[in-house]
Amino acid sequence: MSVVYCQECGFQNPESANYCSRCGALLSKGEPSVEATQTFSAEEVGALEHEDFGLEGPALVVRAGGGRAGESFRPTGDRTRIGRSPDCEIFLDDVTVSRNHAVLVQQNGKFHVEDQGSLNGTFVNRKRIDSAPLTEGDEVQIGKYRMTFIA
């Protein structure tokens, strides 16, 4: 039996599958693309300057997931909701994201992220968290979206 590897998460799926069993991404069954995607670890991103992203101030930059790499989100006040609900300030439209997945909270000029009881969890630097402070270059994963925090 032939298999198809997910381009988002690398999971091995049966050839008959249209969507990844692990992350829900659409599976590409055509010829492999000759394009290469440049990726960065959280440590490498931490070494980059704000000018490399064209951003000022705090933001989450999508690194992978949902075909939205490079898109950035800025906090909208003291509490910025993240989720699949269109009412959320950071709208991530994918089944791997809960309707009200997490909240980006600003207190005393510092940011932290709080999981809101999501099914798939919220991760900071690949560790599942209930609440965690964010510093420059931290990787935040919500569903299949991997984002880098820029302070």
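The values are calculated or read from the model by the stated rules, or taken from the named source; none is laboratory data. No experiment lies behind these values; they were computed from the predicted model shown. Note that each Cβ is placed from the backbone with ideal geometry, even for glycine, and that neighbours are counted across all protein chains shown. Just the protein is used for accessible areas: all its heavy atoms, side chains included, with ligands, DNA and RNA removed. Shrake-Rupley method; radii C 1.70, N 1.55, O 1.52, S 1.80 Å.
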- request: Kindly list, by first and then second residue, each pair from a residue in segment 1-22 that is under 22 Å from residue 142 (Cβ atoms) and of a type in the set (Gly, Ala, Ser) to a residue that is open to solvent by less than 70 Å² (accessible area, probe 1.4 Å) and modelled with pLDDT under 80, limited to pairs with Cβ atoms under 8 Å and residues at least 6 apart or on different chains.
  value: 21/11
statement: Listed by range, strands (runs of 3 or more DSSP E) wholly within segment 82-151 having at least 1 residues that are open to solvent by 60 Å² or more (accessible area, probe 1.4 Å) are 102-107, 110-115, 127-129, 131-134, 145-150
- prompt: Looking at segment 97-112, is at least one residue in contact (Cβ under 8 Å) with a residue 24 or more places away in the chain, in contact with a Phe, Trp or Tyr (Cβ under 8 Å, 6 or more places away or on another chain) and under 24 Å from residue 7 (Cβ atoms)?
  reply: yes
query: In segment 95-115, how many residues are over 24 Å from residue 137 (Cβ atoms) and either touching a strand residue (DSSP E or B) at 6+ places or on another chain (Cβ under 8 Å) or among the charged types (D, E, K, R) (or both)?
result: 3
query: Does residue 73 fit the bill of being farther than 22 Å from residue 24 by Cα and crowded, with 21+ Cβ neighbours inside 10 Å?
result: no
- request: Filter segment 60-70 for residues that are open to solvent by less than 20 Å² (accessible area, probe 1.4 Å) and not in a strand (DSSP E or B) and give the result.
  value: 65
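Condition check ((1) open to solvent by 50 Å² or more (accessible area, probe 1.4 Å); (2) at pLDDT 75 or above; (3) not in a loop (DSSP other than H, G, I, E, B)) across all residues:
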{"position": "7", "(1), (2), (3)": "yes, yes, no"}
{"position": "13", "(1), (2), (3)": "no, yes, yes"}
{"position": "34", "(1), (2), (3)": "yes, no, no"}
{"position": "40", "(1), (2), (3)": "yes, no, no"}
{"position": "43", "(1), (2), (3)": "yes, no, yes"}
query: Right, residue 63: at pLDDT 80 or above, of a type in the set (D, E, K, R) and closer than 22 Å to residue 96 by Cα or not?
result: yes
